[in-house]
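The next block holds one structure in the form of C-alpha cells; read it before the comments.
What follows is calculated from the coordinates using simple rules that are stated; it is not laboratory data. Remember, it's a predicted structure, so these values are computed and weren't measured experimentally. Glycine gets a Cβ as well: all are built from the backbone with ideal geometry, and neighbour counts include every protein chain shown.
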Amino acid sequence: MSKGRQHLSEGAATGDVVIVGGGPVGHRLAERLRRHGHRGTVTLLHAEPVAPYQRALLASVLDGGLRPAALRLPPVPGVRVLPGTTVTAVDRAGRRVRTATSEQHRYDTLVLATGAEPFVPPVPGIRTAAGRLLDGVTTLRSLADCARVGGEQAVVLGGGPLGLETAAALRRSGRDVTVVHRGPYPLDRRLDATAGDLLVRHLSGLGVRLECGRSAVRVEPGKLVLDDGRPLAWDTLVCCTGVRPRAALARAAGLAVRNGVLVDDGLRTGDPWIRAIGDCAEHPGWAPGLPAPGWDQAEVLARSLTGQEPGGRRAGTVLRLRLAGLPLGVLGAAPGSAGNTAERETVTFRDPARGRYATVTVDAAGRLASAVVVGLPEALAALTQLHDAHRPLPADRLSLLLGRAPAVRRAPATSAEPSDVVCRCNDVSRGALARAWHDGARTLRALSGATRATTGCGGCADEIRRLCAQLAAEEPAPGRGPSTDEDEGADDAHDATPHPGDRRLRHDRAPADRGAAVPGPGGRLAHSCPR
C-alpha cells in the first residue's frame, strides 16, 4: 500500500477534509463524517450564495407549495460551510484549493462533490450572440433558476422525470403548460408503451399539453418553432434536457475524466488525496442521476475516512416519479434491457380502466430484475423494499402486485425488520419509524423531525402516512384516534423544523380552476402523443 493510500485508510479520521460542492451529496458526506466520529476539520465550499438545500424539491417552489427557506438542509454541528465560495483550481502538490477570491484552503483529503450541470440543447436562437441564454429561457437546477420563471405560458423541453415534475408544478401554479419531447411518450427510455399510455392520460388529465415525437428547431423571443413548423408561444422556456457531470475542475487538475471523474470502489481518484462522489463521479457500479447512489457513496466514503469497514449499502436502482395521484416507479433495469431473459419469469398485471399496471421480471433466484409499476402504491412500496434488500419475491406474484401477499404485508410495525428501509434518502427503516411513533412522534411532521424521513426527495411521505394509520389502528394513542396530520398547517416561516416532503405533497394537486382534463375531438383527452 502506498503512503498516500495508507493515510486515507488509517489517518484521515483526524485530517482536514475539504468538500467542494454544497449540494445534497456533499452535505450528506459532511453529516456522515461527523456521525462516524471524524475528529479533524470539515469544510464545505458551496458555490451558491445561499446555505445548502435540497434540489429534489425545486419543483415545489415553482408551484408555491414550498418557500425556498423550507428546502434548506439542516446545519451539521462542527462543519464549516462557506456559501458563495467558488473553487477555481486544485494545487495537488501543495494540497490546497484556490477560490475565485484568491483564498486558499489546505486539505488532507479533498472530496469533489461538484455534481452535474444542466445540458442546454444547441437549438438556434436559444442563446444570444454573447453566449448567454435568451431572456425567459432557463434550466432548473437551482433556486436562482426558479426565480427566473414567470408569465402565464410555459414550455418545457424534455419529457424526463425533471421535465414532467416541472410541468406538473407549473400547471399547479395556474400556468398554461406544454411539454415538448422527442420520444413517442414521456419517459420512453424507462417505460414500456402501456405504462407510457397511462402516464400520458394522467398528464393530460392535469391539463398539461404534450407534444411528443416533436423537437424544437428554432427559438425566438416568446416563440418556439417545432420541427413540423408550428409555433408555441411562451413566457418561460424551461430546459429539462439532461445534465452532464461537472468535471472541469478535476480535468484541469490532471485527474482522469471520461464523462465524470473516474473513481474506484472506494471513490478514490488517481490522486491518493482526492476522492469524488455524486453526479460528478463515474464508476460502472454506481447509477448516476438518482439520490440513493449519492447517499450510499457518502456513507461508504465517510466510513473509509474514519477508519471503519465500508458498510454502505448499494441500494437498487429505483426511479419514483413525483406526480400527484399517480404512483409510478421503475426498479432495476429499464424494460427490455434486463439482460439475458432465458431463465427469467415475467409477470404482468393490466387494469387500464383504473389506471393500474405492473410488469415485473424475476431472475432465476426469485429476485426482482426489473419492474415498472403504475397506480399500485402498495406493490411499489413492497417491491422497492424487496429490491433494496435483495430478497426473493413471494411465490404468489399476483397477490404481491395487488398488495395482498403475506410475505410483504405490513405486519405490526413493532415487529418489522430493521432492514426494511422506508426513507431511502436518509436510510430510515420501518423499525426506526415505529420506535419514534411509540416514543410520541404520532404525525408525519413529528416523525420527520425525529428521524429526518421525508426531508430528502419526499417520495416516502405517503408510505409513512400509511404506517401512521396502521400503527394507530394497532395501538391507538390514549384519548385520540388515528393520526390525521391536522397539525401540519403551520406557516413555514414559523416552523423550526420544516418538512419539505410532506409540504410538497399537500400542495401537489392541480389548481381548482384548471384541474380538469382538456377535451379534444369526440370528448377524448387532447394530446399529441401517438398511441
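So if each residue of separation counts as 0.36 nm, and I subtract the Cα-Cα distance between Arg92 and Arg435, what length gain in nm does that give? Don't jump to the answer; show the numbers that get you there.
Numbers: separation 343, 0.36 × 343 = 123.48 nm, distance 4.70 nm.
Result: 118.8 nm gained on full extension.
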Long-range amide H partners of Arg367, meaning residues 5 or more apart or on another chain whose placed amide H is closer than 5 Å, are Leu393
For segment 39-54, Karplus-derived ³J(HN,Hα) couplings (6.51, -1.76, 1.60; θ = phi - 60°; whole Hz; x for glycine and proline) come out as 9, x, 7, 10, 10, 10, 9, 10, 5, 6, x, 10, 5, x, 9, 8
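If R0 is 60 Å, what FRET efficiency do you get for Arg244 and Glu475 from their C-beta distance, rounded to 0.05?
Numbers: r = 51 Å, r/R0 = 0.84.
Working from the Cβ atoms, E equals 0.75.
Treating only the Cβ of Lys, Arg, Asp and Glu as charged (+1, +1, -1, -1), what charge dipole size does segment 233-303 show about its Cα centre? Round to the nearest 20 debye.
Working: 7 positive and 8 negative charges, 44 e Å.
The dipole of segment 233-303 has a size of about 220 debye.
Where both residues lie in segment 137-241, what percent of DSSP beta bridges are antiparallel, nearest 5? Display every interim value, and only then the final one.
Working: 7 of 23 bridges.
Within segment 137-241, antiparallel bridges account for around 30 percent of the total.
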Under the Karplus relation with 6.51, -1.76 and 1.60 and θ = phi - 60°, whole-Hz ³J(HN,Hα) for segment 184-194, x at Gly and Pro, equal x, 7, x, 6, 5, 7, 10, 10, 7, 5, 5
Please list, in order, the residues from segment 366-382 whose amide nitrogen is less than 14 Å from a point placed 7 Å along the Cα→Cβ vector of Arg404. 379
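For Arg344 and Ser215 in one chain, what is 0.36 nm times their gap in residues minus the Cα-Cα distance, to one decimal in nm? Please list the in-between numbers first.
Values: separation 129, 0.36 × 129 = 46.44 nm, distance 3.71 nm.
Length difference between fully extended and current span is 42.7 nm.
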Quick check: Cα centre of segment 123-188 to Cα centre of segment 263-297, how many Å? 29
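For every other residue with a beta carbon closer than 14 angstrom to the beta carbon of Ser215, add +1 if it is Lys or Arg and -1 if Asp or Glu, then tell me the sum. Walk me through the intermediate numbers first.
On the way: positive: Arg182, Arg214, Arg218, Arg230; negative: Asp188, Glu211, Asp227, Asp228.
That works out to 0.
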Quick shape summary for segment 137-241, equivalent ellipsoid via Cα gyration tensor, semi-axes whole Å in descending order, reads 21, 16, 12
In terms of modelled amide H atoms, which long-range or inter-chain residues lie less than 5 Å from the amide H of Val243? Phe119
Label Lys223 and Thr128 with points 7 Å out from Cα along Cα→Cβ: what is the distance between them in nm? 2.1
Indicate, rounded to the nearest 5 percent, the antiparallel portion of the DSSP beta bridges found entirely in segment 163-313. 60
The simple spin-label model distance between Ala100 and Arg189, using points 7 Å out along Cα→Cβ, in nm, is 3.0
Given H placed 1.01 Å from N in the peptide plane, which residues other than close sequence neighbours of Thr443 have an amide H under 5 Å from its amide H? none
FRET E, pair Ala364, Arg230, Förster distance 51 Å, beta-carbon r, rounded to 0.05: 0.55
In order through segment 59-65: 3J(HN,Hα) via Karplus (6.51 cos²θ - 1.76 cosθ + 1.60), integer Hz, x for Gly, Pro: 4, 6, 6, 5, 8, x, x
